1. Which one of these is farther than 15 Å from ALA158 by Cα, aliphatic (A, V, I, L, M) and touching a His at 6+ places or on another chain (Cβ under 9 Å): LEU225, LEU191?
2. Return only the number of the condition from (1) part of a loop (DSSP other than H, G, I, E, B); (2) at pLDDT 95 or above; (3) exposed (fewer than 13 other Cβ atoms within 10 Å of the Cβ) that ASP84 does not satisfy.
3. Find the residue count for segment 151-162, including only residues that are buried (at least 16 other Cβ atoms within 10 Å of the Cβ) and either in a loop (DSSP other than H, G, I, E, B) or of a type outside the set (A, V, I, L, M, F, W, C) (or both).
4. Would you mind telling me which numbered condition in (1) more than 30 Å from PHE74 (Cα to Cα); (2) surrounded by 19 or more Cβ atoms within 10 Å (Cβ to Cβ) ALA186 fails?
5. I'd like the residue in segment 30-45 that is in contact with a helix residue (DSSP H, G or I) (Cβ under 8 Å, 6 or more places away or on another chain) and not in a helix (DSSP H, G or I) and, out of all such residues, is surrounded by the most Cβ atoms within 10 Å (Cβ to Cβ).
6. Looking at VAL97, VAL131, which one is within 22 Å of VAL37 (Cβ to Cβ) and surrounded by 15 or more Cβ atoms within 10 Å (Cβ to Cβ)?
7. Report every pair of residues separated by at least 6 positions or lying on different chains whose Cβ atoms are under 6 Å apart, first residue within segment 205-227 and assigned by TED's automatic domain parsing to the domain that holds LEU180, second part of a loop (DSSP other than H, G, I, E, B).
Amino acid sequence: MITEDIRARLFAAQDLKYRDFQVKLIPTVDPAAVIGVRTPDIRAIAKEVFARPDRDRFLADLPHKYYEENLVHFFVLAGIRDFDECVRAVETFLPYVDCWPVSDQATPRSFKKNHQKLLPYIRKWIASDHVYTARFGLRMLMNEFLDADFREEYPALASSAQGEDYYLKMMVAWYFATALAKQYDAALPCLEEGRLDPWTHNKSIQKALESYRVSKEHKEYLKGLKR
């Protein structure tokens, strides 16, 4: 079966030293579920899976046993060209995402050309109680809607993400640090008006201060907003 084939390919690419390194980065995942496969190898395996006529059997075989199988899964989804098919597959998979790398690694190609259709899904994902669904929604808002299709209400949407989970709050901070670099005037009021909790507020400023894309003048002002 295809799942067994994928698992065999993953174990053939196993790097135990890399596994030990990975386990430290993903504390939400059982170490026994980590094989230890580098991202280029996972992408290569996903490319092979994408081309197989039986790939849907693997996509339906949820939950997966191994962390790397989840990565293969999302990389396969990212290659689906039809938006409606892709977003259905993403919505089916998101509840099974259990760590930040799986949430962060893949960006579906079909999303870039379908922003109008994508936005309602992003709103729904950000409002989700599932941490990694909300994190994925925030990342899509950051990746897809901070340039030509940006609107002034989007920082408020990002600030609406609720929860005390570290990985969710870090994504909100990442969003605002990037927004301060790309859409400073629109992102700034969320900080000036205290719309973020103190930890996320200060982390957003910290990450903006570390960014080479934020001007010295803006950085000096942001320093004065620390809480």
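1. On the way: LEU191 fails: farther than 15 Å from ALA158 by Cα.
Step by step, each of LEU225, LEU191 is checked, and only LEU225 is farther than 15 Å from ALA158 by Cα, aliphatic (A, V, I, L, M) and touching a His at 6+ places or on another chain (Cβ under 9 Å).
2. Going through (1) part of a loop (DSSP other than H, G, I, E, B); (2) at pLDDT 95 or above; (3) exposed (fewer than 13 other Cβ atoms within 10 Å of the Cβ) one by one, ASP84 breaks only (1).
3. Taking segment 151-162 as the starting set, the residues that turn out to be buried (at least 16 other Cβ atoms within 10 Å of the Cβ) are 154-155, 157-159, 161.
Now drop any that are not either in a loop (DSSP other than H, G, I, E, B) or of a type outside the set (A, V, I, L, M, F, W, C) (or both), which leaves 154-155, 159, 161.
The total comes to 4.
4. Here ALA186 meets the rest and fails (2).
5. Once the filter is applied, the top-ranked residue is VAL37.
6. Numbers: VAL131 fails: within 22 Å of VAL37 (Cβ to Cβ).
Step by step, each of VAL97, VAL131 is checked, and only VAL97 is within 22 Å of VAL37 (Cβ to Cβ) and surrounded by 15 or more Cβ atoms within 10 Å (Cβ to Cβ).
7. ILE205/LYS226; ALA208/VAL214
Results for (1) within 19 Å of VAL76 (Cα to Cα); (2) touching a residue at least 40 places away in the same chain (Cβ under 8 Å); (3) in the same structural domain as VAL102 (by TED's automatic domain parsing); (4) under 21 Å from the mean Cα position of the chain (by Cα), shown as yes or no for each residue.
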{"site": "ILE6", "(1), (2), (3), (4)": "yes, yes, yes, no"}
{"site": "GLN14", "(1), (2), (3), (4)": "no, no, yes, no"}
{"site": "ALA32", "(1), (2), (3), (4)": "no, no, yes, no"}
{"site": "PHE50", "(1), (2), (3), (4)": "yes, no, yes, yes"}
{"site": "ASP61", "(1), (2), (3), (4)": "yes, yes, yes, no"}
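The values are calculated or read from the model by the stated rules, or taken from the named source; none is laboratory data. What you are looking at is a predicted structure, and each value in this text was computed from that prediction instead of being measured. We place every Cβ from the backbone using ideal geometry, glycine too, and count neighbours over all the protein chains shown.
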